[in-house]
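Have a look at the structure below before the remarks.
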Amino acid sequence: MRIAAIVHQFPPHFETGTEILCLRTMQALAARGHQVRVFAADPLRPAGAPPREETVDGVAVTFIATAWPRRLALAARLGDEFANPKAEAALIEGLRRFAPEAIHVFHLRQWGLAAAPALAAIAPTVMTATDFHLACPQAIGGYEDGRPCAGPDAEGGNCLAHAEALEEARARRSPAIALRGILSRLTPGLDGRQERAAAAWARREASARALRSAARLLAGSVRIRAMLLAARARPERLFLEPHG
């Protein structure tokens, strides 16, 4: 079987948990005779640069450049901070050339939640949620003081309040961030309260569409599973990892 993996970063430049899980999974599949390829975001090169091919520990990898100027407006970042049209287009093109029979999504940061339905249109997808990014704009499933969060509410208003509090705290610590906020608010219709609220709702809807596009979801912990269910994952397609 031809199997593709999608991940937000990958060795040798990035070697934390999700990347290593992706690498080990694809190595195990290759050892069983499957034809595998990882499509990894490359946040060290600007989006639109040509993809590059590499072999990492025996696994074929297509690195797709994803570096993208950070949005000034909080509304744009809250809506889907990591949406990346140039990178997503290159990813879809590479997948179509590879023609996988199945796609395993390990992380959508750098690509954006909106990429998930497009992936599912190419081949059935499995998603492994190693953190909260599929439901939580901050990807931490809680607050900085350690309090847990159940996930976005019906309109995403709690996510908006959290994001605004973080932005204000960062602005107090950094003149550059404070200036960024001022500049974003100088353009009417760019970063007002209405635009931010719409973005919070749109992010929640993009999350639901991404989750429901997967043929199978694997949750890395009981808390992640609960948040994915609250974000409207299909219960019949959502499973807890054996050691989660």
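Taking only region 138-194 into account, find how many residues are in contact with a Leu (Cβ under 6 Å, 6 or more places away or on another chain) and under 30 Å from Ile224 (Cβ atoms).
Within region 138-194, residues that are in contact with a Leu (Cβ under 6 Å, 6 or more places away or on another chain) and under 30 Å from Ile224 (Cβ atoms) number 2.
Name the residue, out of Val105, Val56, Val7, that is over 25 Å from Ala208 (Cβ atoms) and at pLDDT 95 or above.
Val56
Quick one: how many residues across region 16-37 are open to solvent by less than 70 Å² (accessible area, probe 1.4 Å), without any contact (Cβ under 8 Å) to a residue 60 or more places away in the chain and part of a strand (DSSP E or B)?
Counting residues in region 16-37 that are open to solvent by less than 70 Å² (accessible area, probe 1.4 Å), without any contact (Cβ under 8 Å) to a residue 60 or more places away in the chain and part of a strand (DSSP E or B) gives 1.
State whether one or more residues within region 209-216 are touching a strand residue (DSSP E or B) at 6+ places or on another chain (Cβ under 6 Å), at pLDDT 90 or above and not in a loop (DSSP other than H, G, I, E, B).
Yes: one or more hits.
Ala202: under 19 Å from Ala76 (Cβ atoms) and touching a residue at least 24 places away in the same chain (Cβ under 8 Å), yes or no?
yes
What number of residues in region 217-244 are open to solvent by 30 Å² or more (accessible area, probe 1.4 Å) and in a helix (DSSP H, G or I)?
Here the count works out to 9.
Looking at region 65-87 only, could you name the residues that are at pLDDT 80 or above, out of contact with any strand residue (DSSP E or B) (no Cβ under 6 Å at 6 or more places or on another chain) and either more than 17 Å from Ala114 (Cα to Cα) or among the small types (Gly, Ala, Ser) (or both)?
If the condition is that a residue be at pLDDT 80 or above, out of contact with any strand residue (DSSP E or B) (no Cβ under 6 Å at 6 or more places or on another chain) and either more than 17 Å from Ala114 (Cα to Cα) or among the small types (Gly, Ala, Ser) (or both), then Leu72, Ala73, Leu74, Ala75, Ala76 are the ones that fit.
The values are calculated or read from the model by the stated rules, or taken from the named source; none is laboratory data. Just so it is clear, the structure is predicted and the values come from calculations on it, not from any experiment. Methodologically, a virtual Cβ is constructed for each residue, glycine included, from the backbone with ideal geometry; neighbour enumeration extends over all protein chains shown. Just the protein is used for accessible areas: all its heavy atoms, side chains included, with ligands, DNA and RNA removed. Shrake-Rupley method; radii C 1.70, N 1.55, O 1.52, S 1.80 Å.
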